[in-house]
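Only one structure is covered here, and it is reproduced in the block below.
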2 protein chains.
Amino acid sequence: MELEIAHLCVLVHLYDLSWNSAVVYITMAGIDSCYRSRIKRPTKMQKRSPPPTLSEVARKAGVGTTTVSRVINGGDRVSPMTLARVRRVIEALGYMPNQAARVLKGVRTNTIGLIIPSIADPFFSSCAEAAQAVARAHDSLLIVTTSHNDPHAEIENIHILTRHRVDGLIIAPANSQNQTLRDLLDRLSVPVVAIDRPISNSSIASVVTDNFKGARFATRHLIDHGYKRIVCLTGESTLFTIQERIRGYRAAVESAGIPYTLDTSIKDYKSAEYSIESMLAGANPPDALFTLKNSTTIFAYEALQKLNVRVPKSVALLGFDDFELASAVRPSISVVQQPVEEIGRVTAELLFDQLLGSRNGLPAHSKRTRQVTLETRLIQRSSCGCTPASVSSDKAGPS
Amino acid sequence: MELEIAHLCVLVHLYDLSWNSAVVYITMAGIDSCYRSRIKRPTKMQKRSPPPTLSEVARKAGVGTTTVSRVINGGDRVSPMTLARVRRVIEALGYMPNQAARVLKGVRTNTIGLIIPSIADPFFSSCAEAAQAVARAHDSLLIVTTSHNDPHAEIENIHILTRHRVDGLIIAPANSQNQTLRDLLDRLSVPVVAIDRPISNSSIASVVTDNFKGARFATRHLIDHGYKRIVCLTGESTLFTIQERIRGYRAAVESAGIPYTLDTSIKDYKSAEYSIESMLAGANPPDALFTLKNSTTIFAYEALQKLNVRVPKSVALLGFDDFELASAVRPSISVVQQPVEEIGRVTAELLFDQLLGSRNGLPAHSKRTRQVTLETRLIQRSSCGCTPASVSSDKAGPS
DNA sequence: CTGTTAGCGCTTTCAC
DNA sequence: GTGAAAGCGCTAACAG
């Protein structure tokens, strides 16, 4: 039990700033400068005035709306003098073009959507970060929404993003088999790319890790170490990625004539401890553990420590998916590493390929759907029985 | 050095799906159903037809646009029969209202913006997740953008979000003192709340951790343990939060008559190792380390391990900001914990308070700017010299 | 209950 | 170089 010293509490200081004093009711313009929404609330003082519009700028600069439009779009075909004047007015008014109005005119929205299970998940947040970088490079805004792997929320998110008229969509489907989802996606009027998990029976492009190969390779590695009773641990088994990893594990153990033992009950630390303790006390105690996801690896690791099991001496541990401290703990934890950022980057690039392709009405090459599979790599640390050359030199990495 | 086994490589499978076969050119409507963008590219086959509009729905359902509008907004004041028919058409066409058009009409956009340094940072991604939950509860979309603590990117982001007409904005300012930023924010026509770091000299609401108190409390804790040469380590010193923590550390050591030693050179593992090694070899080696941020804590921890320094026997360690494995490593790392999710939640709630307040033209209470300060708590694990009752029972927590 | 109509702020011909 | 005017898709009066 951790000790809590300072109690959690909230201090709220109220500063009685005069709400009204913030009001700046600009009316330096012509006769019709005060219209519409402004006029609707004549007595009630507003905190802030509504944002200035392009035509207000035009009026105050004494030019037409077309000119202002040209100015905010690069300023071509506008005389230097006019340009300067308009720019000054824009600056003075703090004018910002209304994206909605532009969108309505049918131009691209320059936004793409990303639907992932959670922002707080390191894997997906890294993907998101990478995708965002690509989006920025294409002068686009990435809108991230979360589904928590709930097919309902997922569809809801698609609707929201569609209403916002994103130019394209990236999605990590909760369920690769979901027909409703597939149909909905197929009907979308914008390109879609699946990330981390494919959409089955669909022409939708996808970028995924080779979970099968990665898991098979890892299991083989354990087999090569001489372990004979390798148990596969996970807390989840409906996700595409997990299933693939299970397949990989299975392929490896079966072809080696080693028993296949899958335990999908690891939901938290408690269940990990319980499960591992039972196994070790059982008839055929495992000599190696292959954990299929981050949290499972951590739970298993902690349980092993708690139970005073020597790793890897008594029981080896190998996890799928790397995490920051896997190299810092003792023993350091061997893992199958996924090219996280590359996944995010490649996915976004694929999407923009399609976007650009359809814009130019491209021929051949862009008119194909790509299924990209990225390879994993096995990071050999101590927990699987390997002896890394230098224990700490890989620390400089995740700075 | 870690061993890489499988090489990173990309497999690209190209499926030559017929691009053209995906074209479904719907023209079951009246005479003017094929206009504008449709007509502009008459020969070039399109991947997808442009999204249907409200008036298309109206025409196909044989009703007026108002009726359709009513249907998509809840279906009040529409006869059941009409309602059903319209809904059917909407379904058939896969119609989705165009958010941009709604926005243009002046209604709220139901989007709020969040500007944080990075999505991949666990602290901020957790904040974002919490804020998103609040936004959802208010039927709003949260748009997250990243500044990487670059004032330029920050302003750029504000512009982008303003163009998108977010209803409100949450920002973690790169620099609390930045005048340009403050002025820009003050001119914004929507409410703004600062997160994690305040905006100085401004009426802008903020939600921050009490970094000063947290750090002072932590340092005192080390002092209470009897440490006499407590060194404060960080890699950054311009951030508001870090400065506050330094102040807290300073206040504690000075009032205890203990030397104040600050090392701001810890940028990565290497610098941590170098710095710690030098100190330990020096005249007055530290007996405790107080690290001001996550990564610094980890680097210091790893360096201590590498250098075979016994923790906390020879040198104690206490870090600011908790992280997932702090309790799993041996020795477990004591930290000052921030109420991360609460920060995100409270910030978003504050923003919506302002949003709702200004909408109803509220009186008194909502018309004040709040500066909320949330308290930290000290999590006593092993690295500071404490002996937690049970080493593992706090594991069930961060599942 | 339902339809007509007038814009929201902007881009974009098409004249000047 | 510049501007007038016609909408983009939708909502909100205001009639029927």
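The values are calculated or read from the model by the stated rules, or taken from the named source; none is laboratory data. Given the structure is predicted, the values throughout are model-derived calculations rather than measurements. Neighbour counts are summed over all protein chains in view; Cβ atoms, including those assigned to glycine, are modelled from backbone coordinates with ideal geometry. These accessible areas exclude ligands, DNA and RNA; they are computed on the full protein's heavy atoms, side chains included. Shrake-Rupley method; radii C 1.70, N 1.55, O 1.52, S 1.80 Å.
Filtering the stretch B:257-278 to residues that are touching a residue at least 12 places away in the same chain (Cβ under 8 Å) and either of a type in the set (A, V, I, L, M) or under 18 Å from A:Leu325 (Cβ atoms) (or both) leaves B:Ile258, B:Leu262, B:Ile266, B:Asp268, B:Tyr269, B:Ala272, B:Glu273, B:Ile276. Condition (residue is within 13 Å of DNA strand D (Cβ to nearest atom), within 7 Å of chain B (Cβ to nearest Cβ) and either modelled with pLDDT under 50 or out of contact with any Leu (no Cβ under 6 Å at 6 or more places or on another chain) (or both)) applied to the stretch A:33-45: is it met by at least one residue? Checked against the condition, which is being within 13 Å of DNA strand D (Cβ to nearest atom), within 7 Å of chain B (Cβ to nearest Cβ) and either modelled with pLDDT under 50 or out of contact with any Leu (no Cβ under 6 Å at 6 or more places or on another chain) (or both), the stretch A:33-45 yields at least one hit. Considering only residues in the stretch A:70-82 that are over 21 Å from B:Arg187 (Cβ atoms) and buried (at least 17 other Cβ atoms within 10 Å of the Cβ), the one that is farthest from DNA strand C (Cβ to nearest atom) turns out to be A:Thr82.
Residues in the stretch B:141-167 that are hydroxyl-bearing (Ser, Thr, Tyr) and open to solvent by 10 Å² or more (accessible area, probe 1.4 Å): B:Thr162 only.
Among the residues of the stretch A:76-92, those that are free of Cβ contacts under 8 Å to residues at least 12 places away in the same chain and within 11 Å of DNA strand D (Cβ to nearest atom) comprise A:Asp76, A:Arg77, A:Val78, A:Ser79, A:Pro80, A:Met81, A:Ala84.
Determine, yes or no, whether A:Leu104 is aliphatic (A, V, I, L, M) and at the interface with chain B (Cβ under 9 Å from one of its Cβ atoms). Taking the combined requirement at face value, the residue satisfies it. Scanning the stretch B:301-324 for residues that are farther than 18 Å from B:Gln337 by Cα and within 12 Å of chain A (Cβ to nearest Cβ) yields B:Glu302, B:Ala303, B:Leu304, B:Gln305, B:Lys306, B:Leu307, B:Asn308, B:Val311.
Results for (1) within 16 Å of DNA strand D (Cβ to nearest atom); (2) farther than 25 Å from A:Asn73 by Cα; (3) free of Cβ contacts under 8 Å to residues at least 12 places away in the same chain, shown as yes or no for each residue.
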| position | (1), (2), (3) |
| --- | --- |
| A:Gly94 | no, no, no |
| A:Asn98 | yes, no, no |
| A:Arg108 | yes, no, no |
| A:Ala130 | no, yes, no |
| A:Arg136 | no, no, yes |
| A:Leu161 | yes, yes, no |
| A:Gly168 | no, no, no |
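Of all residues in the stretch B:83-117, those being β-branched (Val, Ile, Thr) and either near DNA strand C (Cβ under 10 Å from one of its atoms) or assigned to a helix (DSSP H, G or I) (or both) number 5. Counting only strands (runs of 3 or more DSSP E) that fall entirely inside the stretch A:284-364 and contain at least 1 residues that are touching a residue at least 12 places away in the same chain (Cβ under 8 Å) and open to solvent by 30 Å² or more (accessible area, probe 1.4 Å), the qualifying elements are A:334-337. As a summary of the residue check, B:Ser118 satisfies the conditions (1) under 28 Å from A:Val107 (Cβ atoms); (2) at pLDDT 95 or above; (3) facing chain A (nearest Cβ under 9 Å) except for the one numbered (1). Somewhere in the stretch B:144-157, is a residue more than 24 Å from A:Glu91 (Cα to Cα) and part of a loop (DSSP other than H, G, I, E, B)? Yes - at least one qualifying residue is present in the stretch B:144-157.
Do we have any residue at all in the stretch B:168-186 that's under 16 Å from B:Asp321 (Cβ atoms) and crowded, with 19+ Cβ neighbours inside 10 Å? Yes; the residues of the stretch B:168-186 include at least one that is under 16 Å from B:Asp321 (Cβ atoms) and crowded, with 19+ Cβ neighbours inside 10 Å.
Within the stretch A:51-62, residues that are more than 7 Å from DNA strand C (Cβ to nearest atom) and open to solvent by 40 Å² or more (accessible area, probe 1.4 Å) have Cβ atoms under 9 Å from residues that are of a type in the set (D, E, K, R) and not in a helix (DSSP H, G or I) in these pairs: A:Pro51/B:Arg165; A:Arg59/A:Asp32, counting only partners at least 6 apart in sequence or on another chain. Considering only residues in the stretch B:217-240 that are without any contact (Cβ under 8 Å) to a residue 60 or more places away in the chain and closer than 26 Å to B:Tyr269 by Cα, the one that is least open to solvent (accessible area, probe 1.4 Å) turns out to be B:Val231.
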